[in-house]
Structures are given as structure tokens and as C-alpha cells.
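The block underneath contains the structure these notes are about, expressed in C-alpha cells.
The values are calculated or read from the model by the stated rules, or taken from the named source; none is laboratory data. Quick caveat, the model's predicted, so the values are computed rather than measured. Cβ: placed from backbone, ideal geometry, glycine included. Neighbour counts: every protein chain shown. These area figures cover heavy atoms from the full protein model, side chains too; ligands, DNA and RNA do not enter into them. Shrake-Rupley method; radii C 1.70, N 1.55, O 1.52, S 1.80 Å.
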Amino acid sequence: MPGPDKEIDLTERIEAFLSDLKRGGCGTGPLRGSAETARETTSLLRRITAQPRWSSAGDLMEIIRKEGRRMIAAQPSETTVGNMIRRVLKIIREEYARSRGSSEETDQQESLHKLLTSGELGEENFGQHFSALKANVIEAINELLTELEGTTDNISMQALEHIHSNEVIMTIGRSRTVEAFLKDAARKRKFHVIVAECAPFCQGHEMATSLSKAEIETTVIADAAIFAVMSRVNKVIIGTQTVLANGGLRAVNGTHTLALAAKHHSTPLIVCAPMFKLSPQFPNEEDTFHKFVSPHEVLPFTEGEILSKVNVHCPVFDYVPPELITLFISNIGGHAPSYIYRLMSELYHPEDHEL
Amino acid sequence: MADSGVTDGAVGKDGIQQAKIEGKELTKEEKQRLRKEKKQQKKNKEKNDENASKESEEKPVSAAAPTPTQPSQKAPSAVPTPASLPVPVSEPQPAKSKADMKAGRRARQESERASKKKGDAGQPAATGKAKAAPSELQPVVKRLPEHVQVDNPDVLKKLAKKLEKQQIPLRLDYGHKVSLFSHLHQYSRRAPLTQQIGIPSTVIHPAIVRLGLQYSQGIVAGSNARSVALLHAFKQVIRDYTTPPNEELSRDLVNKLKPYISFLNQCRPLSASMGNAIKYIKKEISNIPSQCREEEAKSKLLSCIERYIDENIILAAKAIAKSSIEKISDGDVILVYGCSSLVNHILCEAFEKKRKFRVIVVDSRPRLEGREALRRLVQRGISCTYVLISAVSYILPEVSKVFLGAHALLANGYVMSRVGTSQIALVAKAFNVPVLVCCETYKFCERVQTDSFVSNELDDPDDLIVTRKGRTQLEHWQEVPSLGLLNLVYDVTPPDFVDLVITDLGMIPCTSVPVVLRVKNVDQ
């Protein structure tokens, strides 16, 4: 029978995805980029939607929330997973509202008018059954997938607007988005790139080799020299792991120092981040914000004598406050950090912030 | 011995050539002969040039013209042109009297001596300042040190000539240099200078050879360590020194030291503290009265050096430790960067005095000096935490004070220190954590600098390739034309990031450095 087979197939797929997540973000830098994670999550959610197990929008949302919680628990630092789940939930809400015939804007935000006039309706329970809902939702998810595939290209297309000739650009670590951005600009303009190697994983080395192969003048510097060379840098362009709800960043460690140095020299700091990295989290939670990996990257076991007597820390992420950021470049254009809250309200529904 | 020695261009006599190849020191007569031959060659060449141009000039110029030009040519000029003077004077010779010729020669010698003095003063001391009386504000003629003019081919030629005269090999630059730093040297650690000189070398004292090797391989590193090692090596040199006949100790010893200093400079550019130490030694040597016996003079010099080390390094460290301990309170969390001997000393002293604090050691690639500091502190029993410099903004909210060491303090208040220090000071300022710099006064320097580019040191770029996992894919960086590696050694911290400087003269703000320098000069 096709039904149970498909179900078993799907459960297997989900289990494989979860174990991959647990291994993948183990700290040696993501073995998979966030774009692939986003795509995989979305295709998995599409498959879940395609199953016949649900009858109303509410059921579907419950199923997705349940699976989503498991996925997030597998790798909490990989926020793209949670973001995609919230996007899909928003899609389901919209499609439901459209099927019901009510316009979309009235269901969006809490407003005083809504509170007063629709008080007797009570909560939306998404209980009604619509036959076309499944097809509409799957179509909308397909659109989302196409959008995800084009993000890097959309960002790189804006490169020439921001980079002029003979500039010195600084970056840190390795970001595929920034790599594509710079390579696109290098086709028409000549400029110089300084890459900070970002210890202890030294991902800057890979970035530098890749950029130099595209015939961009690249220089690799140690992390300690970031402030020393900053006076000659015209722009700082970085990627990030997550964009937080207040416009701040959760980026690879060393980025806060880079941002402070750029602020001191009044150098603009440009963040290339596609929209799927935008997350409704705030940086307040000290315990859950940081992620640590094995300290033997910092102080290897060969230093055995002193190893037992010292505390060694190896954090992976850094918090960068929004005051230090000049511009966000995403696949839908450029924004100031103060606009991020608005974008977030368009992408996610407030009730989905807590899954 | 076929490959050793300075391979010179063919100068002349085989005897001299042979002696050079064997690495023996040329005797004085041979050196003078060489110099005379070179001058003669130059004169002949210029004469030919002059004759060629003179022939075209001679026709319009009347016979009366050469005579009024003579006295102006013979007048001693403040700006010496020793090479060009002999030529015009030698031409209208039949018209001049013998007395005039003698006067001209004397004037030439005076100007040559004046130029030599200026050239000497510009050597190892990083500032190259002419001796100005400290109570007057005389305009000082500063000559740029050679090691920041690598992109100027004339300077390189001059340096090559000077080293040739002193029989020191020239160290070649290595690898592709980042264009912003083309004015600095970049050497490779795998090609030490000692490979180019014969062993045993009779030109350079073996203690100096060993010291140079230790510097270039990074075995002796750190401002204080290098200065102390230098002074000990000079003590050995002085002990083994004997005055040659018909020479004065005060002048000959200084001349003996010059090639050693050039050699050490080639191994690794001299630090500010080493420059000050050398200035002090030279002054002491030239102040030895000529009637002093050799044994007496030598013991006097040795005791001077001992006293210098004692006063400026050992006692200064004690004084600084005493003042710093007042700044360390119980429950403090102190952040230190890299391995500064002075800061380690302070922390150990504070721990002995039973202060309760813990230390966070910040380290950076590629030198990883912080591990050495970590070992020393842990041995004493101080509780330590260890992070890399990219994690400093994670750890800084826990920190109550930052203690930094310095390589030199510049006259405009900037602190020159290991690369990364300015970054730590920047982040500490952003988190409102006080930054204290500890520095002895002998490291104060009259230079001024505002960024880390104009005067710095480039370390071996291959150090960046080696990571914990072995060599990364940057291994073949030389083959990729658009890839460059930059390994800076020093950087400058602006004075607004530093809250206090603790010196042996007390606790001063960063901007009081020129005041201290003035006071020190007046004392001397």
C-alpha cells in the first residue's frame, strides 16, 4: 500500500535529517551551509504537508509544530530550521484565511479595533476543512523553495552598487554569501580584500584561497591585526549565522571586535544576510545564546601538564549590537538595522515566535 | 671554505680577495688601500664625464669665469659634497697657488668629517637625532632609519655598501610582500643570516653570532629579554677586547661595536629598548678618559653595564610591582595579553602578597606566546583561564582590569606593543574596563607614530600557514599571485584607550611621556 510506505519513508527521512543536524553543526563550521539546511527543512515540511494525515489547517499546524520542535531540539544553534518552520506556519495561516474569504490584513496584528469588534468570535481555531487548502499550501511552499534557491544570486546582483574600484574590503572567516558577493563585483571592478583568519578554525584560509582563485587581490591577516590594519580599510563586509529580532547579529567569534574597530574608524559595516536567517529571537538569554566547542582547539592536549589547572573557553558565536551595523543586504534589497522588526512582522506571525 | 665569506665584486689585489673569501678581518692597511683605489676609480670616471661635458662648455665660457668660481668652490659648505668637490678643484690647478690647494683640501676634510658624524649618529639608534642640548629646543635633523625605507633602491644600495665594508652579509627579503608594507623588510626564519658567514667567523665575536641567531629564530624574544641578552653579549665582547697599538680604547671599541650592531640589525631589527641601551654604552665608552689603563677601563665599563641592567630593568620591575599591587584588590579578575615579563612579575608578586585574584590569559596566533605566560602563572598556583583573542568580547564582561605590557612608549603618547594589544584596549574601552599599561622608563622613545604601518616589523609569513591540524591549504601561497600573507609583529595603541601607565617613576598618564624624556635628558 502506498500510504504506509510513504509514511515510513517520510519518518526515515526525518530521522536522517535530525541525525545529520546533530552531526553537522558540530562546530568545525557548518559542514553544510545554512542555505542547504533551509532547503532541506522546507522540502521536508512540504512532504509532511503532502501526507493525508491531516484534515484541517489546525491539525497540520499541530503536526508541523511537533516535528519542528524535534528538529530544533536536535541542533538549537541552527536557527534556520526554526525560521523555515515559522515561515511555513505563516503560509498555512495565510492560505487558510484566503480560503475562508476574509482579507489578510485584518488577521495580522492585534489592534484595538479588532479587540473591540470581534470580541465575541473568540480564538481562531483553524478547524474548518477546505479541500483546496492542501494544494494551495504546497504551491506556496514551492514558491518559498524557489525564493530560497535564488537568494545568493539576488544578493550578489547588488554587489556593484556597493563596491567601487580600488577599494580595500575587509571580511572575517568564511561566508558563502560574501564570497559570491565579492566574486560578482570582481568581474567588473578591481579591488583588494583583507581576510581575517578567524582562529581557531581558520576558515579565513579557505575564503582567501577561493577568492584568490577568482583573481581578487587577497591578503590573510591574523585576528590580532584587525585593529592595526583597519585604518586602511574602506568597507567591512561580513556574513552572519543569524540576524536577531533587534537587528543585532549572532556571528562567528571575532565579529564583535571587527565591528568595534570599524566603528572607531567610521568604516561602514555591511552584513550580507538572506531573509531566511532572520530569527525572532532576542539576545537576552545568556545561557542559550552562546555555543561552545571542545577546548582542545584552543589549548591542545599536548599541553597536558597545565591543562587540568586552567579553564579554557572556545565560544563559537559573538553578539554584535545593532548600533555597530550600517547596512543589511538581503535578497529583497538593502535595509537599515532599525527596519528589521518590520520585516520580521511580515515573515512570521507573532503567535509562532514560541513554537 | 669555498662558499663562505663575502663574495665581493672584483676589486683588485688577489691578497685582499683571498683574505675576504677566508673571512679574515682585513688589516688596516689593506682597508685603506681598498678605499684609495675606489676613490681613484670614482675620480677617473667623473673626470671623464666632466671632460666630455666640459668640452661643450669651454667655448662659451671665458677664461675669466673659472677664477671667480674658484673661491666659491673652495669655500667649505655645510652640506658636504665630497665626491664632486675634488673634480672642479683639480681642473683649474695651474691657476691656483699651493696654499689655495691646501686650504681646499682642509675644507674638504672638514666637510667629510662632519658628514661622517651625521651618518654615525643616524645608525643603530632608531631616531638618528643629532645631539641637541636638552635645555634648548634646537631644530633636530632626523634621518629616517634604513629599515623603513626598503622600497627606496638608493637606500638599499647604501646599506649594501656599508655592510660590505663591515664584512657583514646582507639578508635577503623573502616572499611576496603586501603592497601596503613594501617599505619594510620581510625575512624568512628558515634562512638565518649565519648561513652566509663562515664558522668560526673572525669578523664577528662568537657571542654576537649566537645572539643574532637567537634573535632571528625567536629563541630570545620580548623587549626586556632581548636587551638583557644584548648587554650580556657586549660584556663578553668587552672582556675579550684588547686595544690595538696606537689606538685609543674610547674610539676603537666604538668602531668595533658598529659591525656587531649592523649584524644584529640584519638578524632582527633592533627594538627601542635595545637602541637606548646601545646609546648608553656608546656614551659610556666615549667618556672613558684617554689616560685610563685598559684593565681599569674595561672593569669600569663592565660595572656600568651591570648598573644599567640593575637600575633600569631589575629595580624598575620591583618598583613597578610595588605600585601595581596597590591597584590589585581582592576578588579582581585580571586580563593579560601574550607574555610580558613585567606583567608576569607583577602578578606573581601580588600573589605572594596574598592578594586574591584570578587571571584570564588572552593569546593569539601565530606566536601563541600566551601559553608561556600561562605556564609561568599556573606554576605559581594562580588560577587562570585561557582564551584566544577572537573570544575576548565573550570573556570581557567578567573582567575587572586589564594589564598590558609595552614594547616602547612613543613621544606622542602612543603605546607600541605586540600586535593585538590595541584590539584588547579597544574592546575593554567599549566595555568600560580600565586598561593599565606597565612599562619601564628605559623603553621610552622619542619617535612619534600614529598608525601601525609606517614603522613595524614583518615576521615570517609562513607562520600563518601552520595551524593545529597541520598545514592548511595556504601552503602553496607563493604560487598564487593574488594571495598574500601578512604577519605583523607590533601595533600602536592610541592614548585614549589607555587609562594609566605604571612606570618606575610613578603612575603617569600616557601623554606625560615627553615630560619624562625631557627630565631624563636633563639628568644625564
Positive-pole candidate from A:Leu10, A:Phe227, A:Thr146, dipole of chain A, charges at beta carbon: A:Phe227
Cβ-placed point charges (K, R +1; D, E -1), dipole of chain A about Cα centre in debye, nearest 20: 740 debye
31 Å Cα-Cα threshold exceeded, pairs from B:Lys36/B:Lys102; A:Lys188/B:Lys177; A:Lys90/A:Lys213; B:Lys235/B:Lys327; A:Lys309/B:Lys322; B:Lys256/B:Lys322: A:Lys90/A:Lys213; B:Lys235/B:Lys327; B:Lys256/B:Lys322
Cα shape, segment B:284-359, gyration tensor, a/c 1.5 rule: prolate
Shielding by partners, peptide B:492-499 (average Cβ within 10 angstrom, other chains): 1
Heavy-atom accessible area, 1.4 Å probe, ligands and nucleic acids excluded: residues of segment A:225-263 down by at least 10 Å² from chain alone: A:Ala225, A:Phe227, A:Ala228, A:Val229, A:Ser231, A:Arg232, A:Asn253, A:Gly254, A:His256, A:Thr257, A:Leu260
Under the Karplus curve 6.51 cos²θ - 1.76 cosθ + 1.60, θ = phi - 60°, whole-Hz ³J(HN,Hα) for segment A:86-99, x wherever Gly or Pro sits: 5, 4, 5, 4, 5, 4, 4, 4, 5, 4, 4, 4, 5, 5
Average partner coverage of B:453-460, which counts Cβ from other chains inside 10 Å: 1
Contact order normalised by residue count of chain A, Cα under 8 Å, 6+ apart, percent: 16 percent
Listed residues A:Leu343, A:Leu327, A:Pro295: farthest to the positive end of the dipole of segment A:211-355 (Cβ charges): A:Leu327
Carbon and sulfur %, accessible surface of segment B:250-291 computed with the full protein complex present, 1.4 Å: 46 percent
Relative contact order [Cα under 8 Å, 6+ residues apart], segment A:187-295, whole percent: 23 percent
Between helix A:57-74 and chain A: long-axis angle, C-alpha atoms, 0 to 90°, nearest 10: 30 degrees
Relative contact order (%) - segment B:231-338, alpha-carbon pairs under 8 angstrom, separation at least six: 36 percent
Cβ-based charge dipole, segment B:164-292, positive-most Cα from B:Thr242, B:Ser223, B:Pro206: B:Ser223
Sulfur and carbon atoms: percent of accessible area, chain A [1.4 Å]: 52 percent
For B:Val489, residues with placed amide H under 5 Å, excluding near neighbours: B:Glu457, B:Asp459
Cα gyration tensor, chain A - rounded (a/c under 1.5), prolate or oblate: prolate
Protein-protein interface of segment B:405-442, residues with accessible area decrease of at least 10 Å², isolated chain reference, 1.4 Å probe: B:Val419, B:Ser422, B:Gln423, B:Leu426, B:Val427, B:Ala430, B:Phe431
Electrostatic dipole magnitude of segment A:130-211 [Cβ: Lys, Arg +1; Asp, Glu -1; Cα centre; debye, to 20]: 280 debye
Solvent-accessible area buried by pairing B with A, both sides, nearest 100 square angstrom, 1.4 angstrom probe: 4300 Å²
Peptides B:392-400, B:150-158 ordered by average Cβ neighbours within 10 Å, highest first: B:392-400, B:150-158
Antiparallel bridges, percent of DSSP beta bridges restricted to chain A (to nearest 5): 35 percent
Segment A:253-355: GluC sites (Glu not before Pro) falling in loop per DSSP and having at most 14 other Cβ within 10 Å: A:Glu285, A:Glu354
Cβ crowding within 10 Å averaged over residues, with A:217-226, B:501-510 ranked highest first: A:217-226, B:501-510
q = 0.15 Å⁻¹, segment A:216-355: log10 I(q)/I(0) [Debye, one scatterer per Cα]: -0.85
Chymotrypsin sites (Phe, Trp or Tyr not before Pro) within segment B:240-289, DSSP loop, no more than 12 other Cβ atoms inside 10 Å: none
Å² per residue, accessible surface of chain A at 1.4 Å: 44 Å²
Trypsin sites (Lys or Arg not before Pro) restricted to DSSP loop in segment B:182-238 with at most 14 other C-beta within 10 Å: B:Arg189, B:Arg190
